[in-house]
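Remarks on the structure that follows.
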Amino acid sequence: MHQTVGYTDYAFRKFFESAKKQPWYDNTIFVITSDYGNQIHYGKEFYKVVNRNVVPILFFSPKYNLQGVNKDLAQQMDIYPTLLDIIGYEKPFRSWGRSLTDTIQKEKPFVLKHGVGQYQFLMGNYICIFDGKNVSGIYAIEDKGLLKNLLSSRKTPEMQEISIAAKASVKDYFDRIIDHKLDSQKVSNKIISL
């Protein structure tokens with residue numbers, strides 16, 4: 001693992017040494033992420049169902065002062081609105097994600113993942129498992145192994161909210177794809193904050 005990390009550091013160093021010499025360097029926002037995570041060398045926590053494929057997202061720019069760490073729930077579909085927020089873009093745009101640099105937090109952080117024929121929707125204090133038609137599980141956000149299904153327990157308003165949010169976000173996505181309604185208006189996460 002250390003050799004892999006060492007090579008990655010070396011590759012980034014070489015890349016940025018070369019990029020700094022380019023005329024576009026000072027006007028570029030670099031986004032560094034990956035398409036899947038490492039489940040082998042980081043212990044039991046990354047073997048858990050919800051933690052599989054957890055990846056970092058790093059934004060770097062010589063022009064913009066990007067500092068800090070955001071530990072809220074985030075996903076790759078948040079990259080696009082984050083970039084638009086960084087550059088100060090204010091016109092309507094189409095996205096299911098949210099800006100990770102928005103300090104006002106108008107929209108609730110959430111993650112929507114799909115695997116093994118089910119959606120995992122993380123928001124607030126819960127994880128909702130949804131098969132596209134029915135909610136089959138509600139788990140505490142800390143239960144990344146999905147070991148204790150709370151679906152049959154007394155439902156809280158937040159459990160109801162996450163169930164509706166999971167269904168609404170999947171439905172909105174597929175309805176817009178199928179009906180060719182991917183217009184330029186920004187999708188607000190308010191549709192999933194019912």
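The values are calculated or read from the model by the stated rules, or taken from the named source; none is laboratory data. All values reported here derive from a predicted model rather than from experimental measurement. Because the Cβ atoms are built from the backbone with ideal geometry, glycine has one as well, and the counts that use them run over all protein chains shown.
Number of residues in the range 78-97 that are loosely packed, with under 14 Cβ neighbours inside 10 Å, among the aliphatic types (A, V, I, L, M) and closer than 22 Å to Arg176 by Cα equals 0. Exactly one residue out of Tyr139, Tyr126 is among the hydroxyl-bearing types (Ser, Thr, Tyr) and touching a Lys or Arg at 6+ places or on another chain (Cβ under 7 Å): that is Tyr139.
May I ask you to verify whether Leu73 is outside any strand (DSSP E or B), modelled with pLDDT of 80 or more and within 15 Å of the chain's Cα centre (by Cα)? When the stated conditions are applied, Leu73 passes them.
Consider Ser152 carefully, then state whether it is surrounded by 11 or more Cβ atoms within 10 Å (Cβ to Cβ), among the polar types (S, T, N, Q) and without any contact (Cβ under 8 Å) to a residue 40 or more places away in the chain. No, not satisfied.
Please give the strands (runs of 3 or more DSSP E) falling wholly within the range 102-172 in which 2 or more residues are at pLDDT below 90. Ranges flagged: 110-115.
Filtering the range 173-189 to residues that are at pLDDT below 70 and not in a loop (DSSP other than H, G, I, E, B) leaves only Asn189.
Just need a number here: residues in the range 109-134 that are farther than 18 Å from Tyr80 by Cβ and either surrounded by fewer than 21 Cβ atoms within 10 Å (Cβ to Cβ) or β-branched (Val, Ile, Thr) (or both). Total meeting the criteria: 14.
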